[in-house]
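This report concerns only the one structure given below.
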Amino acid sequence: MSVAQWVAQLDQNLYFRSVDALLDMEGHGAFVWSAYLITTLVVLAMLLLPLRRKRRFLRQLAGELKRREGSPRTKGGGD
């Protein structure tokens, strides 16, 4: 298959003939692209927020352990 044949076949398989048509989607583009954007933001938040919470927790835990190691022990056995 030559390059020209490949491009012709690709052109036949495309649903939208231009980038403008892809973005407009026959008047539904604003809804479709905003739905994609919102979905992407929600998925990213679902992936990134737990990682952020884990880092913050580990930092707080490390600080607590450091404070406990540095504090003098009392007669009562501690906490």
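Readers should treat all values here as calculations from the given coordinates under stated rules, not as data from a laboratory. It should be emphasised that the depicted structure is a prediction, and the values quoted were computed from it without experimental measurement. Counting neighbours? That spans all protein chains shown, and the Cβs are built from the backbone with ideal geometry, glycine included.
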For the stretch 50-62, in residue order, the Karplus 3J(HN,Hα) values (coefficients 6.51, -1.76, 1.60; θ = phi - 60°; whole Hz; Gly and Pro = x) are x, 5, 5, 4, 4, 4, 5, 4, 5, 5, 5, 5, 4
Between D20 and R56, what's the calculated FRET efficiency when r is the beta-carbon distance and R0 is 30 Å? Round to 0.05.
0.10
Average silhouette area of the chain, convex hull of alpha-carbon atoms, in square nanometres
11.5
